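Below: one structure, written as structure tokens.
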Amino acid sequence: MRFVTGGIMHETHTFSSVITSESDYEVRRGDEVNIYAGTNHSAGGVIDECMSRGIELVHTLQTKTVTSGPPDRKTYERLRDELVSRIEAALPADGIVLTLHGAMVAEGYPDAELDILRRVREVAGPDLPIAVTFDFHANISPDMVALSTIIVGYDTYPHVDIAERAKEAVRLLEATVNGDLHPVMAITKPPLMPVPQAQHTSTGPFRTLLNRAHELEDAGDAVSITVAGGFAYADIPVAGMSLITITNGDLDAAQRISNELAALAWSLREQMLVVNTPPEQAVREAIASPAGNGPVMLVDVSDNIGAGTPGDGTVLLRELLTQGAVDATVVIADAGAVKTAFNAGVGGDFRMAVGGKVDALHGEPVEVDGTVRLLCDGDWVHEGPENAGVPISAGPTAVIRADGVNVVLTSVKTAPGDQQQLKSVGIDPIRQRIIVVKSAVRWRGGYEPIASHAIHVDTPGICGADLGRLDFQHVARPIFPLDHGASYTT
């Protein structure tokens, strides 16, 4: 058996002012993709499962980059065309596995994954089975379902099952090729667009939804169910939740199950509303917390790097310095400040306004007066569970000690969620009293086991819990929570 695989992965914040260019992508071609073998990455799951099953696997193109604004048209079209041409050149094959995100919006392409699927289907023909893996935050449309044979989305947020879901997609594709499975898919999209912070899958409404989905799978009513929370910061018509059910040849049953889950999601909608703590109060509470029980996590929700913000928000840094926090750590993306630190050298004096430079939405630059404690290349490897084994580079990195605060300056914004981000620069997370994470939920994967508690902070920025702060123009209306009085029946 022979499968072809590849993918372009990007989660796009359409309100971000930062355009994504080709230089922002990490691109691997052909056998270079094997770097993901054994890692908690979609490509890694595909590689490992194919190897274990004796399936020949042909790599084409695999890309990834941190969430940001829309890729420019030239960048997107060049990557898309290369992916499609490499897939076409690798045919014939028994099946195709596409590892996509599901929430990519490129310049001129409001539904980029649909565009990719259309073009891959054109070269593959109508009968070749195509399996697709999607992120938990995918904005999935009925047209995507129609062009795919199998869709498998992550079951977790933080995303600790990325490789496992890719392995599932391979198994379902193999069963389809062998004739043991005749997959049919149904999708239901209730008018729900919860923010990422509301989508934590270990507790709350999404735990309830996934528990029911797994009950139906375990009972044999469905082959596979995808509960996609959607990505609320994409101003496109198909943004929002999706419930996708795969059955073995029974489309009516698939639609009935998707409808049931959509109705359950709608009944839980009030639990998807979020209220956060003002910054001054949050820092005051964190400082007053008893020491010795693990760090207090100050969650800078509105500067959530994993959802597309600049990563240079300064509001919590300012409060930590103003209120005299001790043993506190905050990471700020500011390449210019890193250069200043390198010029000063280890042990040198550092004085510069840092952060707040990409836009005027996440706080003004803050004057930091301290000492350079460490300089490094910013390379490290995720310890997991999310993205375990995947290497990352934050570019040249500096650690500044300003009174009781460690200010970690990176050249490239890097989503938090892994303790190695701090361990790699000599900071032991368990010994910190306060850690600021520019995140919504992803931080939980690496830090929740050691945290005393978390305070989600209502900082300014483009990823807050109040979607009413953003000027939506294209989302299908009415939709909850933008339209609190929206109604829905399946």
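Points to keep in mind about this one:
- Each Lys or Arg adds one and each Asp or Glu takes one away; over the other residues whose Cβ falls under 11 Å from the Cβ of P158, this sums to -2.
- Expressed in Å, the radius of gyration and Dmax of the Cα atoms of the range 91-136 are 11.4, 33.
- Dipole magnitude for the range 279-464: computed about the Cα centre from +1 point charges on Lys and Arg Cβ and -1 point charges on Asp and Glu Cβ, it is near 200 debye.
- R431/T203 FRET efficiency (R0 35 Å; Cβ-Cβ; nearest 0.05): 0.80
- Point-to-point label distance, A291-E32, nm (Cα→Cβ direction, 7 Å offset): 4.8
- Virtual spin-label span in nm between E448 and D72, 7 Å along Cα→Cβ: 4.0
- Seen from a random direction on average, the alpha-carbon convex hull of the range 2-272 projects onto 12.9 square nanometres.
- Hydrodynamic radius of the range 279-464 per Kirkwood, over alpha carbon pairs, in Å: 15.9
- Computed about its Cα centre, the charge dipole of the range 1-116 is approximately 120 debye, with only Lys, Arg, Asp and Glu carrying charge at their Cβ.
- For the range 1-140, the alpha-carbon coordinates run over 46, 32, 25 Å along the three principal axes, in decreasing order.
- Net +/- balance of residues flanking E383 in space, Cβ distance below 11 Å, scoring K and R +1, D and E -1: -1
- Legend: distances between Cα atoms for K167/K438; K357/K423; K64/K423; K189/K438; K413/K438; pairs beyond 19 Å are K167/K438; K357/K423; K64/K423; K189/K438.
- Cα-centred dipole magnitude for the chain, charges only on beta-carbon of K, R (+1) and D, E (-1), debye, nearest 20: 500
- A simple count of charges around G370, restricted to other residues whose Cβ falls under 15 Å of its Cβ and scoring Lys, Arg +1 and Asp, Glu -1, yields -2.
- Computed over the chain, the convex hull of the alpha-carbon atoms projects to a mean area of 21.4 nm².
- Rounded to 10°, Cα long-axis angle of helix 335-344 versus longest principal axis of the chain: 40
- Once the Cβ-Cβ distance of A219 and D127 is raised to the sixth power relative to R0 = 30 Å, the FRET efficiency obtained is 0.45.
- Degrees separating the helix 162-178 axis from the principal Cα axis of the chain, which is the longest one: 10
- For the chain, the 222 nm mean residue ellipticity estimated from helices alone, with every DSSP H stretch of n ≥ 4 adding -39500 (n - 2.57) and the total spread over all residues, rounds to -8500 deg cm²/dmol.
- Dipole of the range 1-76 [Lys/Arg +1, Asp/Glu -1 at C-beta], most positive-end residue of V66, G7, S23: G7
Throughout, read-outs are computed from the coordinates displayed, never taken from laboratory work. The shown structure was predicted, so the numbers you read here are calculated from the model rather than taken from an experiment. Backbone-built Cβ (ideal geometry, glycine too); neighbour counts: all protein chains shown.
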